[in-house]
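Q: Okay, here's the structure, questions in a sec.
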Amino acid sequence: MKDCTLSFKSLPKKLKSKLAMIMGRNGTTLNMSNCDCIGNGHNYDSAVILLNANAMISNCRFTHFGAGAIFSVAKSNNDVLIQDNTITDCASIAVYC
């Protein structure tokens, strides 16, 4: 993904569901650069969840996520690179690895 905008702004406030914008599972690869990810701010939402996935996330902007911007659980054979991103106004945590 390159030069894209993803947004949860149109979702209703105070949803009971936990939401993820992008989910990477075992054996997948996410390549993201120059993207804007905008959360709702009123829900328990996150931008990226990586479960034993490979990822390269750079030069992206993450704002207004109630749960956090990026969550990554990786094994030693996974390649995960998170660099040069701007993360603002995330309620719980910005990046969890």
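Bear in mind that the values in this text are calculations on the coordinates, not laboratory data. Since the model is a prediction, treat every value here as computed from it, not as a measurement. All Cβ positions, glycine included, derive from the backbone under ideal geometry; neighbour counts span all protein chains shown.
Q: Can you run phi through the Karplus equation (6.51, -1.76, 1.60; θ = phi - 60°) for the stretch 25-40 and list ³J(HN,Hα) in whole Hz, with x for Gly and Pro?
A: In residue order, the calculated couplings are 10, 3, x, 9, 10, 10, 10, 10, 8, 6, 9, 10, 10, 10, x, 8 Hz.
Q: Please give me the summed charge of the neighbours of Lys9: other residues whose Cβ is under 12 Å from its Cβ, Lys and Arg +1, Asp and Glu -1. List each step's numbers first, then the result.
A: Numbers: positive: Lys13; negative: Asp36, Asp45.
For residues surrounding Lys9, the net value is -1.
Q: Arranged from highest to lowest average of other beta-carbon atoms within 10 Å per residue, in what order do the peptides 25-31, 12-18 appear?
A: Numbers: 25-31: 11.7, 12-18: 9.4.
Order by mean packing, descending: 25-31, 12-18.
Q: I would also like to ask the following. Using a/c under 1.5 as the rounded threshold, could you call the stretch 58-97 rounded, prolate or oblate? The axes a ≥ b ≥ c are square roots of the C-alpha gyration tensor eigenvalues, and prolate needs a/b larger than b/c, oblate otherwise.
A: Since a/c reaches 1.5 but b/c is at least a/b, the shape of the stretch 58-97 is classed as oblate.
Q: Starting from the Cα-Cα distance between His42 and Ala74, subtract it from 0.36 nm times their residue separation and give me the gain in nm to one decimal. Each step should come with its number before you reach the end.
A: Numbers: separation 32, 0.36 × 32 = 11.52 nm, distance 2.84 nm.
That works out to 8.7 nm of additional length.
Q: Taking the Cα centre of the chain as origin and charging only Cβ (+1 Lys, Arg; -1 Asp, Glu), how large is the dipole, in debye to the nearest 20? Could you put the intermediate results ahead of the total?
A: On the way: 9 positive and 6 negative charges, 87 e Å.
Dipole size: approximately 420 debye.
Q: Which order do peptides 44-56, 69-81 fall in by mean Cβ count within 10 Å, highest first?
A: On the way: 44-56: 21.0, 69-81: 15.2.
Averaged packing, sorted descending, gives the order 44-56, 69-81.
Q: Please give the net charge around Cys60, taking every other residue with its beta carbon less than 9 angstrom from that of Cys60, where Lys and Arg add +1 and Asp and Glu add -1. Spell out each step's value before the answer.
A: Working: positive: Arg61; negative: Asp36, Asp84.
So the environment of Cys60 carries a net charge of -1.
Q: Calculate I(q)/I(0) for the chain by the Debye formula, one identical point scatterer on each C-alpha and no solvent, and give its log10 at q = 0.13, 0.14, 0.17 Å⁻¹ to two decimals.
A: -0.39, -0.46, -0.67
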